[in-house]
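Chemist: Dropping a structure here in structure tokens format, bear with me for questions.
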Amino acid sequence: MITTYITSLKTAFNPFQAASKVPRLFLNALPAEAHKTIKISTTQFPRTSTAPAILELGFKDGKTLKYSWAADALENTGAKEKNSKGVDLQEIVEEVNRHARASDRKAELSG
């Protein structure tokens with residue numbers, strides 16, 4: 001994952017819910033040097049919380065990506081690893097890499 005252009009990362013989740021899987025795995029997928037350059041804010045909800053899990057990424061160019069996963073959406077659909085939006089970890093990593101490559105091209109073309 002290319003984390004050069006990520007400036008901020010906000011997560012909020014209940015670690016005991018299955019809906020929190022993607023935000024937790026995204027935090028684990030960050031390389032060690034990313035923790036020095038990215039402002040990371042993590043909030044853990046209590047075990048009894050039913051609030052949706054949230055992942056918000058901020059980039060150098062001002063673009064933000066926001067994702068949320070609700071626990072009740074998982075239970076109603078019967079899906080085990082999909083969230084309410086159908087976004088999984090691989091799709092988020094691909095989006096981050098796509099944005100990094102586009103930002104890299106812009107910087108290269110502008111000189």
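The values are calculated or read from the model by the stated rules, or taken from the named source; none is laboratory data. Not measured: the values here are computed from a predicted model. Heads up, the Cβs are rebuilt from the backbone with ideal geometry, glycines too, and the neighbour counts pull from every protein chain shown. With ligands, DNA and RNA removed, areas are computed over all heavy atoms of the protein, side chains included. Shrake-Rupley method; radii C 1.70, N 1.55, O 1.52, S 1.80 Å.
Chemist: Residues of the chain: accessible area per residue at 1.4 Å, in Å²?
Modeler: Accessible area per residue: 61 Å².
Chemist: Mind giving me the nanometre distance, one decimal, between the label points for Val93 and Phe16, set 7 Å out from Cα along Cα→Cβ?
Modeler: 3.0 nm
Chemist: Tell me which trypsin sites (Lys or Arg not before Pro) from the range 1-78 have a DSSP coil assignment and no more than 12 other beta carbons within 10 Å of their own.
Modeler: For trypsin sites (Lys or Arg not before Pro) across the range 1-78 that sit outside H, G, I, E and B with at most 12 neighbouring Cβ atoms in 10 Å, the list reads Arg47, Lys63.
Chemist: Averaging sequence separations of C-alpha pairs under 8 Å and six or more residues apart, then dividing by the length of the chain, give the relative contact order as a whole percent.
Modeler: 33 percent
Chemist: Same structure, new question: How much length would be gained if the chain were fully extended between Arg101 and Ala29, taking 0.36 nm per residue of separation minus their Cα-Cα distance, in nm to one decimal?
Modeler: Gain in length upon complete extension: 24.1 nm.
Chemist: Give the longest segment of the chain that steers clear of GluC sites (Glu not before Pro) in DSSP loops with at most 11 neighbouring Cβ atoms within 10 Å, not counting the sites themselves.
Modeler: 34-80
Chemist: Divide by every residue of the chain the summed helix terms, -39500 (n - 2.57) for each DSSP H run of at least 4, and state the resulting mean residue ellipticity at 222 nm, rounded to the nearest 500 deg cm²/dmol.
Modeler: The helix contribution divided over the chain gives -11500 deg cm²/dmol.
Chemist: Next up: For the range 93-107 and the range 16-36, write down the distance between their C-alpha centroids in whole Å.
Modeler: 20 Å
Chemist: Accessible area of the chain with a 1.4 Å probe: how many percent of it is carbon plus sulfur?
Modeler: On the chain, the fraction of accessible area on carbon and sulfur atoms equals 50 percent.
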